[in-house]
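Heads up: the structure comes next, in C-alpha cells.
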Amino acid sequence: MQEGVTLHTYPEHIPTVTAIQSPHAGKSSTTHCGCDTQDAVFLSMSYAILIAVLIVAYPLTKCPPPTILPNAEVVTENEEFNIGDIVRYRCLPGFTLVGSEILTCKLGTYLQFEGPPPICEVHCPTNELLTDSTGVILSQSYPGSYPQFQTCSWLVRVEPEYNISVTVEYFLSEKQYDEFEIFDGPSGQSPLLKALSGNYSAPLIVTSSSNSVYLRWSSDHAYNRKGFKIRYSDSTHALLSQMPMVGEKTAS
C-alpha cells in the first residue's frame with residue numbers, strides 16, 4: 001500500500017442514484033455512486049445549487065445601469081459598466097446636487113455602483129453669489145408649489161464689461177403677498193427694476209444698467225402657487241456706445 005494514501009471500503013450493495021437510458025443497448029443502464037441514499041441526495045442538491053449560482057452569477061459580470069434621477073442627467077462614456085467604471089450625475093439648470101457626483105462600479109456582495117445616488121434639489125439661499133455668464137433660478141419645489149414663510153436672495157455678478165438680462169419664463173404667485181424683486185445693483189438697497197407678483201404668462205425681460213443684479217423672493221403664511229422659472233444671462237454692455245464714431249478723434 002502506498003504510504004499516506006487512505007483507502008475507503010464501500011458496501012457491496014451501492015444504492016441507485018439515477019437511471020439513464022443507454023442509446024446503444026436500448027436498455028436502462030444504472031449509475032451508482034459510492035455513497036448512501038442521504039449522501040446521494042445531498043450531492044444532487046449541491047450540484048443543482050451550484051448550477052443555479054453559476055446561472056445567476058453570469059449576468060452579474062457587469063454592473064446594472066445606473067439609477068435615473070429626476071431633474072438630472074447621467075454622464076458616461078459607456079453603455080455597459082465593468083468594475084472600476086464610473087458614472088457622473090449632473091443636475092439640470094436651477095437644481096443643486098446633494099450627495100456624491102460620481103459613482104463607481106465595484107464588487108461588494110454583488111456588482112453594483114457603490115453608494116446611494118445623489119438627488120437634485122432646489123434650495124432657498126440667502127445672498128447666494130452667482131458668477132456664471134448664464135443660469136436658471138427656480139422657486140423651491142418647482143414645478144410643485146413653493147413653501148410658505150420664505151425669503152430667498154441671489155446676487156448675480158458677471159464681468160464688468162457686461163450687463164445682465166433677466167428673463168421671466170414662468171411666474172405664478174399669490175398676488176400682492178408673494179413677491180419676486182429685481183434690483184439694479186448688488187443689494188436690496190439698489191434701485192428697484194421690477195417687482196413681480198401674481199401671474200405672468202408671456203416671457204418678460206428686464207435688463208440691468210451694470211454687471212450686477214440683486215434678486216429677492218418672499219412668500220407669506222397663506223396660499224402658495226407653482227412659483228417661478230427665471231433665466232439670467234450677460235449681454236454686451238454700454239462699452240459699444242463708448243466706442244468712437246467714424247471720423248471722431250480720440251484723445252492722445
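We did not get these values from a lab; they are worked out from the coordinates using the rules stated. Since this is a predicted model, take the numbers as computed values, not measurements. Cβ: placed from backbone, ideal geometry, glycine included. Neighbour counts: every protein chain shown.
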Within the stretch 79-112, which residues have the backbone N less than 14 Å from the label spot 7 Å out from E73 along Cα→beta-carbon, could you tell me? 88-95
Which cross-chain or sequence-distant (5 or more) residues have an amide H under 5 Å from the amide H of E128, H modelled 1.01 Å from N in plane? S153, W154, L155
Alpha carbon centroid spacing (whole Å) that separates the stretch 114-134 from the stretch 161-202: 21
Across every pair of different alpha-carbon atoms, what Kirkwood hydrodynamic radius in Å does the stretch 61-121 reach? 11.8
Listed residues T134, Y214, Q150: farthest to the positive end of the dipole of the stretch 128-239 (Cβ charges): Q150
Can you compute the FRET efficiency between E121 and E161 using 1/(1 + (r/R0)^6), with r the Cβ-Cβ distance and R0 = 45 Å? Round to the nearest 0.05. 0.85
